[in-house]
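Structure record follows, encoded as structure tokens.
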Amino acid sequence: MCSSSWQNFGQTILFRRGGLFFKRYFRPLSCPTLLSSTVERKEKYAICPPQVFSGIQPTGIPHIGNYVGAIRNWLKLQKKYQRVILSIVDLHSITTPQNPERLRENIFDMTACLIACGVDLQRCILFQQSSVSQHAELAWILGCMCTLPRLQQLPQFKQKSDKLKDVGVGLFTYPILQAADILLYKSTLIPVGKDQLQHIELARHLARTFNRTTEVLFPNPIEMIGHIPKIQSLRNPANKMSKSEENTLGRIDLTDSPDNIREKVKKAKTDFTSRVTYDPDNRPGVANLIKIHEALTGDTPEDICEDALLLDTARYKLKLAEIIIEKLKPIRENYIQLKSDRGYLKTVLEAGQLKAIQIAEATFSEVKKAIGLT
């Protein structure tokens, strides 16, 4: 939410400051102004209705870590909030080299997967980022307000660039595009992992800068961090499970067949101790399997280990594989059905594009007027 507590009552905002309640009226795309809780810096934010925004890159089929860490949370948020926007952020994906045909297919794969997981198209706007040109246009304007030292503070550029021989400028500046994604829809609630916190702070910084130097248009985007299980690679538990991992045995994709799931869990790296115990520091491989079990069933690590007292790690892997297969079965079946109807997936993205453009055009029109372009 914005920096004061508030609720949306139709067209009325009730918010609290200093123990007092005030009413403000808002238009969905034109937000009033709110003085930040950081009074001494006199920072202002616009008051906007709760707006959830999140994005996912189309760099492959989502894996089980994506599901429990992000997608499943979106399904909860779409039931709680009236305004939820989910973007397939294809412009972010091209910060590293992509095969054009594969990328094109990945966009449809991601669309089918998200719907198969339960994204409700009546409650959410689901669209392809590049189909809304205002993302790139706002990113340019925000980039002109961002300093080089501010970007150099972000750690992810170094982490990603270390793996590349030739590093593109886009990999350095993509956090500005991420800020544009958020601010374009005047988003107030941003579900992210802890590794993205500095990028959300950059979005706040750019919102403050724009509001202070031109006109108060943008709200204060607040990160939403709940208890998000951190699922590691099955083959290298020191690293996070990733769609880009070269060894496909390291991840379980949501569309994997039962036989593939059994093989991957069977070959998951553990250790030479046969007992099933939860010790992330000394037994990271086994602990990772237990985390997956916990994320899918809600059972605690203690209960899981107690139930597995009579099992060695090999037999526990067999049990876990069947749990995963059962949980992913409806997603896989829905995905196969959706993927066979490309026309429907195109219709979904086009409908989402129209809804997103309606909001984006209104915001960007305000931005251009505020900085003197119109």
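So the values come out like this:
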read-out: Index of the failed condition, Asp120 passing every other in (1) closer than 26 Å to Val68 by Cβ; (2) assigned to a loop (DSSP other than H, G, I, E, B); (3) open to solvent by less than 30 Å² (accessible area, probe 1.4 Å); value: (3)
read-out: Filter pass, Phe157 being within 19 Å of the chain's Cα centre (by Cα), closer than 30 Å to Ala112 by Cβ and of a type in the set (Phe, Trp, Tyr); value: no
read-out: Filter result (touching a Lys or Arg at 6+ places or on another chain (Cβ under 7 Å) and either open to solvent by 70 Å² or more (accessible area, probe 1.4 Å) or not in a loop (DSSP other than H, G, I, E, B) (or both)) within the range 248-260; value: Leu249, Gly250
read-out: Residue match in the range 38-45 (condition: of a type outside the set (Phe, Trp, Tyr), surrounded by fewer than 22 Cβ atoms within 10 Å (Cβ to Cβ), touching a helix residue (DSSP H, G or I) at 6+ places or on another chain (Cβ under 7 Å) and at pLDDT below 95); value: yes
read-out: Candidates Glu263, Glu294, Glu302, filtered to the one that is open to solvent by 50 Å² or more (accessible area, probe 1.4 Å), within 16 Å of Ile325 (Cβ to Cβ) and at pLDDT 95 or above; value: Glu263
read-out: Residue match in the range 88-110 (condition: touching a residue at least 40 places away in the same chain (Cβ under 8 Å), open to solvent by less than 20 Å² (accessible area, probe 1.4 Å), part of a helix (DSSP H, G or I) and among the polar types (S, T, N, Q)); value: yes
read-out: Count of residues meeting criterion [open to solvent by 40 Å² or more (accessible area, probe 1.4 Å) and in contact (Cβ under 8 Å) with a residue 12 or more places away in the chain] in the range 68-87; value: 5
read-out: Extreme residue, farthest from Pro58 (Cα to Cα), among residues of the range 261-271 that are hydrophobic (A, V, I, L, M, F, W, C) and part of a helix (DSSP H, G or I); value: Val265
read-out: Filter result (in a loop (DSSP other than H, G, I, E, B) and not hydrophobic (A, V, I, L, M, F, W, C)) within the range 129-178; value: Ser133, Thr147, Gln153, Pro155, Asp162, Lys163, Lys165, Asp166, Gly168
read-out: Residue satisfying condition, being at pLDDT 95 or above, more than 30 Å from Leu249 (Cα to Cα) and hydroxyl-bearing (Ser, Thr, Tyr), within set Tyr335, Tyr344, Tyr316; value: Tyr344
read-out: Test: residue in the range 217-224 that is of a type in the set (S, T, N, Q), surrounded by 19 or more Cβ atoms within 10 Å (Cβ to Cβ) and within 16 Å of the chain's Cα centre (by Cα); value: no
read-out: Filtered residues of the range 179-232 (kept if within 28 Å of His63 (Cα to Cα), small (Gly, Ala, Ser) and outside any loop (DSSP other than H, G, I, E, B)); value: Ala179, Ala180, Ala203
read-out: Test: residue in the range 135-146 that is open to solvent by less than 20 Å² (accessible area, probe 1.4 Å), in contact with a strand residue (DSSP E or B) (Cβ under 8 Å, 6 or more places away or on another chain) and at pLDDT 95 or above; value: no
read-out: From Ile371, Ile323, residue being touching a helix residue (DSSP H, G or I) at 6+ places or on another chain (Cβ under 7 Å) and free of Cβ contacts under 8 Å to residues at least 40 places away in the same chain; value: Ile323
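The values are calculated or read from the model by the stated rules, or taken from the named source; none is laboratory data. What you are looking at is a predicted structure, and each value in this text was computed from that prediction instead of being measured. Positions of Cβ are generated from backbone atoms using ideal geometry, with glycine treated the same way; all protein chains shown enter the neighbour counts. Note: accessible area is taken over every heavy atom of the protein model, side chains too, but ligands, DNA and RNA are not part of it. Shrake-Rupley method; radii C 1.70, N 1.55, O 1.52, S 1.80 Å.
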